[in-house]
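Working notes, structure below.
The values are calculated or read from the model by the stated rules, or taken from the named source; none is laboratory data. Note that the structure is a prediction, hence the values are computed from the model and not measured. Virtual Cβ from ideal backbone geometry, glycine too; neighbours counted across all protein chains shown. Only protein heavy atoms, including side chains, enter the accessible area calculation; ligands, DNA and RNA are left aside. Shrake-Rupley method; radii C 1.70, N 1.55, O 1.52, S 1.80 Å.
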Amino acid sequence: MSAEPILRVRNLVAFHGDVQALWDVSFEASPGELVVLLGGNGGGKTTTIRAISGMLRPAGGSVEFKGAPIHGVASRRIVELGIGHVPEGRALFPQMSVRENLLLGAYLPGPHRRRRENLEKVFSLFPVLKARHRQSAGTLSGGEQQMCAIGRGLMSEPSLLMLDEPSLGLAPILVEEIFRIIADIRKEGVTVLLVEQHVEQALEVADHAFILADGRTVGKGTGAELLANPEVRKAYLSV
Amino acid sequence: MKKYSLAVLAAGILFVAALPHFGSDYLVGFFFSTFIFVTVAYGWNLISGYTGYLSFGQMSFFGLGAYALAIAVFRYHLPWPVGVLAGGLLAAILAVPLGWLMLRLRGPYFALGMLGFVQILSTVSSAWSSFTGGGEGIYLPPTASLRPLYYAAAAMVFLGIGVTRAIERSAFGLRLQAIREDELAAEAMGVETTRLKLQAFVIASVFPAIAGGLYAWRLSYIDPSSAFPGNYEIQSILMTILGGAGTILGPLVGGLTLSVLSEVIWARFAELHLLLVGSLIILVLLFMPEGMIPLVRRFLARRRGRVPKTGMQEVRR
Amino acid sequence: MGRNVRILLVAAVALLMVSGSAVAAEKKPILIGTSVSLSGSYAASAKYGLEGYQLFVEQLNKRGGLLGRPVKLVYYDDRSDANTGVQLYEKLITADKVDLIVGPYSSGVTSAVSTVAEKHKMAMIGPEAADAKIYMRGYKYNFQGQTQAGRYMLGALALAKAHGYKTMAMLAEDTAFPKAVSEEVVKVVPEYGVKIVFNQTYPKGAADFSALLTKVKQLNPDIVFANSYLPDGQGIIRQSREQGVDAKMFAVAVGAAEPEFGNLGSTANYIFGATQWAANMKTKGNPEFVKAYKAMFGRNPDYHSAANYGAMQVLDAAVKQVGSLDQNKIAAAISKTEMDTVYGHFKVDGRGVQVGYASALLQWQNGKQVVVWPAAVAQGKAILPTPPWSQRK
Amino acid sequence: MDFSIFLQLVVNGLLVGGVYGLMSLGINLVWGVMGVINLAHGDLIMAAGFLTFWIFTQWHVNPLLLLPAGMAMTFVVGMLSQRFLLGRLPQDRGAIKSSLLMTFGISYVVINLAQLLWGNEFQTVTYLAGSWTLGGLDFAKARTVAFLAAGVITTFLWLFLQYTNQGRAIRAVSQNRDGASVCGVDNGRIQIASFALGAGLAGAAGVLLVMIFAISPSMGSGYTIRSFAVTVIGGLGSFPGALCGAMILGLAEVFTGYMVSAQVANGVAFILFLVVLLVLPQGLSGMFRR
């Protein structure tokens, strides 16, 4: 990797209550990269992301963002530092309008001051959200909800955006749409950390990918390398 | 271990049986009141401690029992034990449709729904004055001797311990605890939650009803505010959580502890009664939410150098 | 580790609660036991009653006590709760072994503890139980030391008759005493030529009377009786004004006799209230009692103070007459006692019902209570009819 | 029933309903954001009422001017309760149970402190006597003023929740905590703020209540249940629903009092609330949402 990594996770350990979920997770992402986390259910992908975004307190290991340690830091501070998180299941505010959902993305003081420009940017990225900005988020279709969630993540002006299963439960045509959007986001210079079930599509666009199993990093490589790896193909691409 | 607990039980029965022969009337009266609370607490423990449905409405059965006794004795001139048993029976009968309606509610909805039901019964008893005497109440002949009442209350406490113990060790009890831990999961596993909850609810209704009947006979006067005493509800809940909700001996241990404390509070800190009770609730919730019994059990296990058994209530933290 | 500290903390609080309990036992003095509603809904009035007891005991000891022994008042808080009262009297009689007992506050608590007194054969005068039913149960050791409820509104009825008022609406709290007042009024109104057109009760603790008063307004009665305590009496009068209920006469059974009724300001004027006692009444020893009370407690006594003081006077007289603490003889003596106390003329019938004490009537005039009936104790004349609310400031 | 009587009863019911609405907003907010029923709500209403009574009798201050004082007092109590008591409870499956019991403990403490500070008597502020007559209908002055004040406070609260960044954050936490977290909203802080705000609203209701009814330290639980009933009738988290529920309760109490009896009127809140709970678990707003 050429540049100094923007995100570096080393030997991360975490628990869900009394149950250990992460044993030893390590990976890194350079600025502007798209990094994909792969792995089966219970591999620890979501837990890893939640640990990075401060929603879960890691029990060991370290997380560094732009060279500074951030493990155990409150989620509010994480967002302030520039890490956006589009959680699994979208976590929208169903009874609020689309516009309000997006404005909440710009909750912190800095983004709040620039909320109008940011809103315009998101609307230009997702014209459909502009058309429906008065509608309550709970009444949107699945794909629109995902766009709303991503839009809300962008409102906080992140330099790293973590997307947890953005295409889950979407029709194939919408999955394409989501990947097109991810590409657009990268063009803006945002580093993207992606957790994805659609492994093939994800690896096609990934700069680097890491494989997690049972809470451990068990493999890594560039997107192309992994796509070519027969073991990976067997385990995750069912070919 | 088994012999040990048998010995404790025998000693307990002996003490309770002998108390009226050496203790003053005051002491007997004190234990009578304590047993009334503990009986209510055992009912609460079954529905809220084991099944996990927090009820603020056990006083509805208490009041029902009190009125059943008063009306049986005053209007129908029946002997008081008949009135007490009639109250228990009425409560069980009422609990079936009531539980069927109420147990569909969860969390605070159930808790406050039951509280609302107490208010409704209290409204009925004050509005239906031709039958219940309304706000004026019903005067009963004075109780000649406290002893039979005392023994009846003591018997209810033993019954409470026995029933709780039998339930905890049965499949029924395990399923109730499964409902408490995760009702949806229990249902998914094929537990007939509706029927089981209802059974627990009905059993739990009989205890306060009988306690209410004994209490009314002792008081020899009953009106809406004495039949549905809100502070009794809280006292009995506090006793259970202090001793340990969802344990066999929790209500008894918590009840005895709190009664002794209360007795002292009344005598010495009359003006601070609520403040002390309230603070005790807060302290228990903050510092020993599981109550005394699990704490003692863990302490004993540690002394014997054993890892504490991971029972249901120990996991639930 | 942390857990142990927490347990210690809980234990410390528990110990703190227990530590005050050491009670020093004193053998010598004659003990008089009672429970007092120091907390709960009766606390305010009950405190006056307790002070009446305390003053008498203090004076008695200055005079050399009873039967040559000093006297000590033992009391606990019954929290305005009947069941607690029962437990406390049980404790007083069996654990503290008091020699004499006197009654608690309110008809409800008195009714419950009367059975304890009866069971232990302890004579008890109940100075705060107006409900005569308590004494109609064939008890032998209980005596009513308060004007019976039925007599409270006789003065107001007499005035109504004198002014030729014909129709009446009556509201009462749905508890023993106010209902007893209502029942008696219903029984006697024909003698006064008054017809009751509205007679309803409301539950204890009710605050909104607007619905009931809308109905009363529709019936347009000459007289409104509120058989009420202070808060509900105030509420009914205030809301009568708000709803424009223009009766010619308003009377409140208990509430209007309390000084706090004056918080209603100008709305209180013209309102009548039954009163059992007033500081300036010419009962026996009253001025001295009021003076001593003020000196000891720094405030004026109210009628509860006087009633409880009066009960002590009767008990004292009975014990002195008997010359011992024999409860049977004391009970017999009380039942035959006929004497003038600060509260009035004490006399009970064969059942223990008070037949001596009678009620007077006062009216709020320019922010002051003026006794207007009976003529023997009247300080002024009743002003009737009450002007319509719309013409008042 | 005479039509003018009918209208008069409607006026009386709506005027009381306005204050019930204000009472219920605090319960609704706290429940929505935290899933907790504050059982001390009615006692905070009572405490603010007593504070008002006390200042009024000492210095004859217009009770409406005491709204900020009443609100501030209960706001602080609420803030401390959440920060040091409720916020420290373990967040597990038993959390609802322990938080309910905790607020109950707080309620006892508040009652006892009020008893110590202000005594046990019933008290009321006799601020405005009599009524205004409009079109043959009597508008009790104190009740009308309380109704209007409740309306103003409700409007301000609605504007705050709807249009400010913090207000939006409160609503966000009530709808999805994870979602709020990833936006940088500090859940713990919002919970403290919401609980304090809910308590502050109870305080406002208390200041207005003592202007129209007599209150005593032990009467809080009746108002807790009324507030809860209004919330259930209207539907959780629904502003118009809550106001609608409050009006319905006010009208139901007045009409039952007139047509049946005061005893039944006293219990009508519970009857309504149980019926709605069992028949329409989402409340009235749930009926319209479908």
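Entry remark, the range C:294-314: residues being within 18 Å of the chain's Cα centre (by Cα) and assigned to a helix (DSSP H, G or I) number 12 in total.
Residues that are part of a helix (DSSP H, G or I), closer than 23 Å to B:Leu249 by Cβ and within 11 Å of another protein chain (Cβ to nearest Cβ) were ranked within the range B:17-30; the one that is most open to solvent (accessible area, probe 1.4 Å) is B:Leu27. Taken across the range C:200-214, residues that are over 22 Å from B:Thr123 (Cβ atoms), among the polar types (S, T, N, Q), open to solvent by 30 Å² or more (accessible area, probe 1.4 Å) and in the same structural domain as C:Val372 (by TED's automatic domain parsing) do not occur at all. Beta carbons closer than 6 Å, at least 6 apart along the sequence or on distinct chains, pair a first residue in the range D:90-104 that is closer than 12 Å to B:Ala111 by Cβ with a second that is open to solvent by 20 Å² or more (accessible area, probe 1.4 Å) and small (Gly, Ala, Ser) for D:Ile96/B:Gly107. Screening the range A:103-125 for residues that are within 11 Å of another protein chain (Cβ to nearest Cβ) and assigned to a loop (DSSP other than H, G, I, E, B) and picking the one that is farthest from D:Val185 (Cα to Cα) gives A:Ala106. Of all residues in the range C:185-202, at least one satisfies being among the aromatic types (Phe, Trp, Tyr), without any contact (Cβ under 8 Å) to a residue 60 or more places away in the chain and away from every other protein chain (no Cβ under 14 Å). Taken over the range A:168-197, the criterion of being in a loop (DSSP other than H, G, I, E, B) and farther than 14 Å from A:Lys45 by Cβ is satisfied by A:Gly169, A:Leu170, A:Ala171, A:Glu188, A:Gly189, A:Val190. In the condition set (1) touching a Leu at 6+ places or on another chain (Cβ under 6 Å); (2) open to solvent by less than 20 Å² (accessible area, probe 1.4 Å); (3) not hydrophobic (A, V, I, L, M, F, W, C), C:Asn308 is compliant with all but (1).
For D:Leu236, the test of being aliphatic (A, V, I, L, M) and assigned to a loop (DSSP other than H, G, I, E, B) is passed. If I filter the range C:266-288 down to residues being open to solvent by 10 Å² or more (accessible area, probe 1.4 Å) and free of Cβ contacts under 8 Å to residues at least 60 places away in the same chain, which single residue comes out as nearest to the other protein chains (Cβ to nearest Cβ)? Result: C:Ala279. If D:Thr144 satisfies every condition in (1) of a type in the set (Ser, Thr, Tyr); (2) exposed (fewer than 14 other Cβ atoms within 10 Å of the Cβ); (3) under 19 Å from the mean Cα position of the chain (by Cα) but one, which is the exception? Condition not satisfied by D:Thr144: (2). Every condition in (1) surrounded by 19 or more Cβ atoms within 10 Å (Cβ to Cβ); (2) within 30 Å of C:Ile30 (Cα to Cα); (3) out of contact with any strand residue (DSSP E or B) (no Cβ under 6 Å at 6 or more places or on another chain) holds for C:Ile334 except the one numbered (3).
On the stretch given as the range C:37-72, residues that are on the phi > 0 side of the Ramachandran plot and within 14 Å of another protein chain (Cβ to nearest Cβ) total 1. Counting the residues of the range C:52-77 that are buried (at least 21 other Cβ atoms within 10 Å of the Cβ) and out of contact with any strand residue (DSSP E or B) (no Cβ under 8 Å at 6 or more places or on another chain) gives 3. If you filter the range B:208-223 down to residues that are more than 8 Å from chain C (Cβ to nearest Cβ) and open to solvent by 10 Å² or more (accessible area, probe 1.4 Å), you find that the one that is farthest from B:Val157 (Cα to Cα) is B:Trp217. Considering the range A:227-239, and only residues there that are hydrophobic (A, V, I, L, M, F, W, C) and either within 25 Å of A:Val13 (Cα to Cα) or out of contact with any helix residue (DSSP H, G or I) (no Cβ under 9 Å at 6 or more places or on another chain) (or both), the residue that is surrounded by the most Cβ atoms within 10 Å (Cβ to Cβ) turns out to be A:Val232.
Report, by residue number, each residue of the range A:171-216 that is open to solvent by 30 Å² or more (accessible area, probe 1.4 Å) and among the charged types (D, E, K, R). A:Glu176, A:Glu177, A:Arg180, A:Asp184, A:Arg186, A:Lys187, A:Glu188, A:Glu200, A:Glu204, A:Asp207, A:Asp214, A:Arg216 - these are the residues of the range A:171-216 that are open to solvent by 30 Å² or more (accessible area, probe 1.4 Å) and among the charged types (D, E, K, R).
Give me the residue from the range A:126-153 that is of a type in the set (A, V, I, L, M) and within 12 Å of chain D (Cβ to nearest Cβ) and, out of that set, nearest to A:Gly82 (Cα to Cα). Among them, the one singled out is A:Ile150.
Among the residues of the range D:242-268, those that are at the interface with chain B (Cβ under 9 Å from one of its Cβ atoms), surrounded by fewer than 24 Cβ atoms within 10 Å (Cβ to Cβ) and assigned to a helix (DSSP H, G or I) comprise D:Val264, D:Gly267, D:Val268. Residue pairs whose Cβ atoms lie under 9 Å apart, separated by 6 or more positions or on different chains, with the first residue in the range C:81-109 and part of a loop (DSSP other than H, G, I, E, B) and the second open to solvent by 10 Å² or more (accessible area, probe 1.4 Å) and among the acidic types (Asp, Glu), are C:Gly103/C:Glu128; C:Pro104/C:Glu128; C:Tyr105/C:Glu128; C:Ser106/C:Glu128. Of the set (1) within 11 Å of another protein chain (Cβ to nearest Cβ); (2) out of contact with any Phe, Trp or Tyr (no Cβ under 7 Å at 6 or more places or on another chain); (3) within 30 Å of B:Thr123 (Cα to Cα); (4) touching a residue at least 12 places away in the same chain (Cβ under 8 Å), all apply to B:Leu258 but (3). Of the helices (runs of 4 or more DSSP H) contained entirely in the range D:120-228, those carrying at least 3 residues that are touching a strand residue (DSSP E or B) at 6+ places or on another chain (Cβ under 9 Å) and of a type outside the set (A, V, I, L, M) fall at D:141-163. When the range B:53-98 is examined, which residues are found to be open to solvent by 20 Å² or more (accessible area, probe 1.4 Å), in contact with a Gly (Cβ under 9 Å, 6 or more places away or on another chain) and either among the charged types (D, E, K, R) or not in a helix (DSSP H, G or I) (or both)? If the condition is that a residue be open to solvent by 20 Å² or more (accessible area, probe 1.4 Å), in contact with a Gly (Cβ under 9 Å, 6 or more places away or on another chain) and either among the charged types (D, E, K, R) or not in a helix (DSSP H, G or I) (or both), then B:Tyr76 is the only one that fits.
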